[in-house]
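Peer 1: Below: one structure in structure tokens.
The values are calculated or read from the model by the stated rules, or taken from the named source; none is laboratory data. Please read these numbers as outputs of a predicted model, since none were measured by experiment. Neighbour counts run over all protein chains shown; Cβ positions are idealised from the backbone, glycine included. Surface accessibility is based on the protein's heavy atoms, side chains included, excluding ligands, DNA and RNA. Shrake-Rupley method; radii C 1.70, N 1.55, O 1.52, S 1.80 Å.
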Amino acid sequence: MADAPRPPRVGVMGGTFDPIHHGHLVAASEVAQSFDLDEVIFVPTGQPWHKNVVTPAEHRYLMTVIATASNPRFTVSRVDVDRQGTTYTIDTLRDLHRDRPDAELFFITGADAVAQILNWKDVEELWSLAHFVAVSRPGHTLSVSGLPRQDVSLLEVPALAISSTDCRSRVSRGFPVWYLVPDGVVQYITKHHLYRSNA
Ligand code: ATP
């Protein structure tokens, strides 16, 4: 008898994406390759619980759509943008699990974010909804210290010292963000006058 087909393996790349940059895209691409993912869903947050984001979610969503359009394995979800209230990862994963009950989910997070994971809401349920893959990020130590090793995998990815904070700051100071973010995102930022006054 033929083996049953394996469930779809789906990455989940959550972020504020304010703006999305090549550090995000390389991380998602490397995890997709190393974990044999069929798809990576990028999920721009609504209002995150851990930081104050002033750029409207619709701008962040559209920049994410533009940045991921050229990769057939990348998609973008509106679950967090459309949900009322503060964004928590547990709600993201519950919604995606409801929409894709057949899929095995892999939540992708940077070394800085994974270090905080035990502070996330309903952390015990998080482990039951997804595997976690933490990727290296310049300036942060990649470690599973204190985390359940069976639920969190570590992956070294090409080091890109790019942050959204720095991109916003550069735009506000009149510096270019070409080659830090995809070309279409540069054009979107320019067209919509984003980040001109807030760093
Ligand atoms: P900000 O500077 O506004 O805090 P950010 O650059 O950290 O933003 P987020 O949208 O908050 O970007 O990041 C989403 C996810 O991508 C997080 O898990 C973060 O750790 C990871 N990430 C962001 N930048 C990089 C990078 N350069 N290399 C690897 N992972 C990254």
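Peer 1: Give me the Kirkwood hydrodynamic radius of region 89-168, using the inverse of the mean 1/r over all pairs of distinct Cα atoms, in Å to one decimal.
Peer 2: 13.6
Peer 1: Taking Rh as the Kirkwood radius, which is the inverse of the mean 1/r over Cα pairs, what is the Rg/Rh value for the chain?
Peer 2: 0.96
Peer 1: Over what distance in Å are the Cα centres of region 99-173 and region 1-79 separated?
Peer 2: Cα centres, region 99-173 to region 1-79: 12 Å.
Peer 1: Taking Cα atoms of region 40-123, Rg/Rh with Kirkwood Rh, to two decimals?
Peer 2: Reported Rg/Rh (Cα atoms, Kirkwood Rh): 0.94.
Peer 1: Sticking with this structure for a sec: Give the carbon-plus-sulfur fraction of the accessible surface of the chain in %, rounded to a whole number; probe 1.4 Å, heavy atoms of protein chains only.
Peer 2: Of the solvent-accessible surface of the chain, carbon and sulfur hold 51 percent.
Peer 1: I've got another one for you. Report the one residue of 186, 126, 45 whose Cα lies farthest in the direction of the positive end of the charge dipole of the chain (charges on C-beta: Lys and Arg +1, Asp and Glu -1; origin at the Cα centre).
Peer 2: Most positive-ward Cα: 186.
Peer 1: Evaluate the relative contact order of the chain (contact order divided by residue number), counting alpha-carbon pairs under 8 angstrom at least 6 apart; express in whole percent.
Peer 2: It rounds to 24 percent for the chain.
Peer 1: Separate question: DSSP loop GluC sites (Glu not before Pro) in region 92-199 with at most 16 other Cβ atoms within 10 Å of their Cβ, which ones?
Peer 2: When the GluC sites (Glu not before Pro) of region 92-199 are filtered for loop state and at most 16 Cβ neighbours within 10 Å, 156 remain.
Peer 1: Under a point spin-label approximation (7 Å from Cα along Cα-to-Cβ), what is the residue 119-residue 4 distance to one decimal in nm?
Peer 2: Distance between label points: 4.0 nm.
Peer 1: With every protein chain present, what is the per residue accessible area of region 17-173 (1.4 Å probe, Å²)?
Peer 2: Computed with neighbouring chains in place, this is 47 Å² per residue.
Peer 1: While we're looking at this one, here's another question. Go ahead and collect, in residue order, the members of region 60-76 whose backbone nitrogen is under 17 Å from a label point 7 Å along the Cα-Cβ direction of residue 102.
Peer 2: none
Peer 1: Please give the calculated 222 nm ellipticity per residue for the chain, where each DSSP H segment of at least 4 residues contributes -39500 (n - 2.57) and the sum is spread over every residue; nearest 500 deg cm²/dmol?
Peer 2: Only helices count here, giving -9500 deg cm²/dmol.
Peer 1: Here's a follow-up. Say we join alpha carbon atoms closer than 10 Å with springs in a Gaussian network model of the chain; which of 73, 137, 60 then has the biggest fluctuation?
Peer 2: The residue that fluctuates most here is 73.
Peer 1: With both partners inside the chain, how many of the DSSP beta bridges are antiparallel, as a percent to the nearest 5?
Peer 2: Here the antiparallel bridges make up roughly 5 percent for the chain.
Peer 1: Report the percentage of all Cα-Cα pairs in region 131-179 whose separation exceeds 18 Å, rounded to a whole percent.
Peer 2: Taking all Cα-Cα pairs of region 131-179, the fraction more than 18 Å apart is 48 percent.
Peer 1: Extension gain residue 170-residue 47, at 0.36 nm per residue separation less the Cα-Cα distance, in nm?
Peer 2: Full extension of this stretch gives 42.0 nm more.
Peer 1: Moving on to the next point. Quick one: P(r) of region 1-97 from all Cα-Cα pairs, 5 Å bins, percents rounded to integers, in order of increasing distance.
Peer 2: 2, 13, 24, 22, 18, 10, 5, 2, 2, 1, 0, 0
Peer 1: While we're on this one: Which stretch or stretches of region 12-48 have amide N atoms under 15 Å from the point lying 7 Å from residue 112's Cα along the Cα→Cβ direction?
Peer 2: Only 14-25, 27 pass the distance filter.
Peer 1: For a quick check: with amide H placed at 1.01 Å from N, whose amide H comes under 5 Å from residue 87's, ignoring anything fewer than 5 positions away on the same chain?
Peer 2: When sequence neighbours closer than 5 places are left aside, the close amide H contacts are 46, 47, 49.
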